[in-house]
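Before any comments, here is the structure.
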Amino acid sequence: MMHPAPSAAELAVAAWYKSSATNANNECVEVAHFPDWTGIRDTKQAATPDRPVVLVPATAFTRLITHIRQG
């Protein structure tokens, strides 16, 4: 059984990590890890209150990253 998706309050205080490939224009994404979930958001929208976050199951995010690394 999966944990419930994180709330807006949990998203607001989460530890977000920026990709190491971020360029000077902040054209990248940030991710935050939660029990059973991974949040993904656009770095360019840093000043936007309540910016959109895509939540995906952590297992799906892991598969995505594995697929990207494999080319």
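The values are calculated or read from the model by the stated rules, or taken from the named source; none is laboratory data. This one's a predicted model, so the numbers in the text were calculated from it and none came from an experiment. Cβ sites come from the backbone with ideal geometry, for glycine too, and all protein chains shown count toward neighbours.
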Out of the residues in the stretch 8-49 meeting the condition of being under 14 Å from the mean Cα position of the chain (by Cα) and surrounded by fewer than 10 Cβ atoms within 10 Å (Cβ to Cβ), tell me which one is modelled with the lowest pLDDT. Ser20
Of all the residues that make up the stretch 1-25, how many are in contact with a helix residue (DSSP H, G or I) (Cβ under 8 Å, 6 or more places away or on another chain) and farther than 23 Å from Arg69 by Cβ? 1
Here the qualifying pairs (Cβ atoms under 6 Å; residues six or more apart or on different chains; first in the stretch 32-58 and farther than 13 Å from Leu11 by Cα; second modelled with pLDDT under 95 and of a type outside the set (Lys, Arg)) come out as Asp36/Met2; Asp36/His3; Thr43/Asn26; Thr43/Cys28; Thr43/Glu30; Lys44/Asn26
Enumerate the pairs (first residue in the stretch 1-24 and part of a loop (DSSP other than H, G, I, E, B); second residue anywhere and at pLDDT 90 or above and surrounded by fewer than 10 Cβ atoms within 10 Å (Cβ to Cβ)) with beta-carbon separation below 7 Å, excluding pairs fewer than 6 apart on the same chain, so at least 6 apart or on different chains. His3/Pro35
